[in-house]
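Below is one structure, written out as structure tokens; the observations come after it.
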Amino acid sequence: MAGKQKKTGTRSLTAKASETPGAGEVSPWRRLKVGSIIFGVVLALGMALTLFGGGGGGTVDKAAPETPADSTPTSQAGGSGPGVKAKTVKAGVPVGYPRTKDGAAAAAVNYQVARSSPGYFTDPALRHQVLKTVMTSSALANQQAQDDQSTKALMAALGVTEQTAPDMVMRAASLGTSVRAYSEDTATVKVWMSEVVGVPTEKSKMPVSGSWSTYTLILQWQDGDWKVATIDLSDGPTPLVAPDQSASSTEEMRLANKEFEAPRYAG
């Protein structure tokens, strides 16, 4: 940024076409936006990522009428709502939510966080267990096929090897939720998330970068719990970077990833 020009509001990190090398081409990461795990490489004074989106592909049951819910964010950070907690944990994912608006919001946050861990990307067996836990029966096969294909391409693009996998940084935390529609059988929940991803090594193809995204999940009540039918993604809202802050070194990021536990689940 030039001089001391004051900046306000939010902005997208996506560079303008005239500023981006190969502007007419679609990068491998950006191409993954149509898949289940979405990584878009954007250039604007560095690299940033758009993480962990989805495709779903299930059929949404329209039998039960869906009424607009008030768009006021739920009261607790992370979107869990007052008193909402999962009953148990399955495949490492909190499950067993109440059949309420707050229950749907908590499920949306936790299911998206579950798809944002390093193990989800490096361990196919774990990934399949998580998907079987969180997806509707009609969406599962398509989501699993998309995630498997996209993950393989992503790991190759990031240059992740068996040796560098333990140092890979993949974290996501909810900044808030908004329940856009709700009935006893179907809920539409938007989750605003902050994400950090990359490999903190000197020769990394993707240094650790941050991004902000909003995910819209349609959930259905199935087998006594909320399950994900579809996931859509949009960029932002993205804040400006504080002018007195600069990116940490590779070594600082590596040590921080080992020192700090991943964000906790909501509720």
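The values are calculated or read from the model by the stated rules, or taken from the named source; none is laboratory data. Computed from a predicted model, the values in this text were never measured in an experiment. Neighbour counts are summed over all protein chains in view; Cβ atoms, including those assigned to glycine, are modelled from backbone coordinates with ideal geometry. Quick note on the areas: whole protein, heavy atoms, side chains included, nothing else; ligands and nucleic acids left out. Shrake-Rupley method; radii C 1.70, N 1.55, O 1.52, S 1.80 Å.
What FRET efficiency comes out for S137 versus R264 if R0 is 22 angstrom and r is the Cβ-Cβ distance? Round to the nearest 0.05.
Rounded to the nearest 0.05, the efficiency is 0.15.
For the stretch 165-260, state which GluC sites (Glu not before Pro) are in a DSSP loop and have at most 15 other beta carbons lying within 10 Å of their beta carbon.
E184, E202
The stretch 115-178: percent of C-alpha pairs farther apart than 14 Å?
Looking at the stretch 115-178, the distances longer than 14 Å represent 62 percent of pairs.
Out of the stretch 166-265, which chymotrypsin sites (Phe, Trp or Tyr not before Pro) are coil in DSSP terms and have no more than 11 other C-beta atoms within 10 Å?
Those satisfying the criteria are F260.
Percent of accessible area on the stretch 131-267 owned by carbon and sulfur, 1.4 Å probe?
Accessible surface attributable to carbon and sulfur in the stretch 131-267 totals 52 percent.
So if each residue of separation counts as 0.36 nm, and I subtract the Cα-Cα distance between A145 and E184, what length gain in nm does that give?
Stretched out fully, the A145 to E184 stretch lengthens by 11.1 nm.
In nm, what is the difference between 0.36 nm times the number of residues separating A247 and V89 and their Cα-Cα distance?
That pair, A247 and V89, stretches by 53.3 nm at full extension.
Report the trypsin sites (Lys or Arg not before Pro) located in the stretch 103-164 that are in a DSSP loop and have at most 16 other Cβ atoms inside 10 Å of their Cβ, or state none.
none
Mind checking the per residue accessible area of the stretch 102-256 for me, 1.4 Å probe, whole number of Å²?
41
Could you tell me which of the pairs K152/K205; K85/K227; K132/K205 are separated by over 23 angstrom between their Cα atoms in the structure shown?
Check vs 23 Å cut-off fails for K132/K205.
Treat each spin label as a single point 7 Å out from the Cα along the C-beta direction, and report the D232 to A256 distance in nm.
Rounded to a tenth, the inter-label distance reads 3.3 nm.
Using C-alpha positions alone, give me the convex hull volume of the stretch 168-264 per residue in cubic angstrom.
137
When the chain is fully extended, how far beyond the present Cα-Cα distance does A156 get from R99, taking 0.36 nm per residue of separation?
My answer for the length gained is 16.5 nm.
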